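Values quoted throughout were computed directly from the atomic coordinates according to the rules given, and no laboratory measurement underlies them. Remember, predicted model here, so these are calculated numbers, not experimental data. FYI the Cβ positions are ideal-geometry reconstructions off the backbone, even for glycines, and counts take in every protein chain you see.
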Amino acid sequence: MADPKGGFLWLKSLNICDTFGLKDHGEYGTLAAIVIGIIVPVLFAFLFLGKKRGKVRGVPVEVSGESGFAVRNARYSELVEVPWKGAPTMAHLFEQSCDKHSHNKFLGTRKLIGKEFVTASDGRKFEKVHLGDYEWETYGEVFARVSNFASGLLKLGHDADSRVAIFSDTRAEWLIALQGCFRQNITVVTIYASLGEDALIHSLNETQVSTLICDVKLLNKLEAIRSKLTSLQNIVYFEDDSKEEHTFSEGLSNYTIASFDEVEKLGKESPVEPSLPSKNAVAVVM
């Protein structure tokens, strides 16, 4: 729309003439303003669209001996075998992470304050637990515990060429034990804490475990099947929150038994150089 003097109201409203210094150039200035007002946005649009189209994430590649094709990541021409450089195994990756985030929170544990049984509306009774606030350990603190446990396990008498089984519910020490074994290239067998006696016997004998790591409350189950175990030599137990001194029956006297804390202390006093695994080593048997 033009005003009586031949100007363009919409250009005036956009102040294009003022912006580009064309106000005093008459009709030529107005024409230049029109051209700039149209071309500049179009150029920006093309540049933006071109940039988006240029970001290719996948590239089709031929699959030898098979019909069709596969798609690989456009950033890499070869197979990516590790997530980060210098981390070919879980043990290497764990050490890198702990070094990089040494002061950050890592593992949080809530201590047991008390237990009580409550009765539901249908008459059934349930155990209710009361837990304290989270107590945190940093990556650096956990890495020190992992290193101590790894050393202590060997000092306890475990043969690094044999397997370790973890028979426990999830807890901070579960992860510390797992990473400790990885640090000495020891294969870990994971066993559900809910397994019955027959399944537990099969799991331990089939994998030829020589060291068992378990909750102290599960030692009674172990005692009941001890005569049927063929390879077990060492037992490391997680202590409960009561911190009471535990006594073990004569039936377990043939095994070397130590608490998790004792193994950590042993490793701290007598450190052993780590033996990190190769990428072809077996990490876990499940």
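Worth a mention:
- Counting every C-alpha pair in region 202-266, the share spaced more than 14 angstrom apart comes to 57%.
- Placing R0 at 30 angstrom, the Cβ-Cβ distance between ALA144 and LYS217 gives a FRET efficiency of 0.65 after rounding to 0.05.
- Each peptide in 149-161, 76-88 was scored by the mean count of other Cβ atoms within 10 Å over its residues; highest first, the order is 149-161, 76-88.
- The calculated P(r) of region 75-197, using every Cα pair and 5 Å bins from 0, goes 2, 9, 13, 15, 16, 14, 11, 8, 5, 4, 2, 1, 0 in percent.
- Sequence of THR256, THR187 once ranked by neighbouring C-beta atoms within 10 Å, starting from the fewest: THR256, THR187
- Each residue in MET286, MET90 was given a count of other beta-carbon atoms within 10 angstrom of its own, and listing them fewest first yields MET286, MET90.
- Note on region 90-285: Cα-Cα pairs beyond 32 Å make up 20% of the total pair count.
- Region 144-192: Cα Rg divided by the 2.2 N^0.38 Å rule of thumb: 1.04
- If the Kirkwood radius is taken over C-alpha pairs of region 82-148, then at 4 °C and 1.567 mPa s the Stokes-Einstein diffusion coefficient equals 86 µm²/s.
- Neighbour-count ranking [beta-carbon atoms within 10 angstrom, fewest first] of ILE257, ILE186, ILE176: ILE257, ILE176, ILE186
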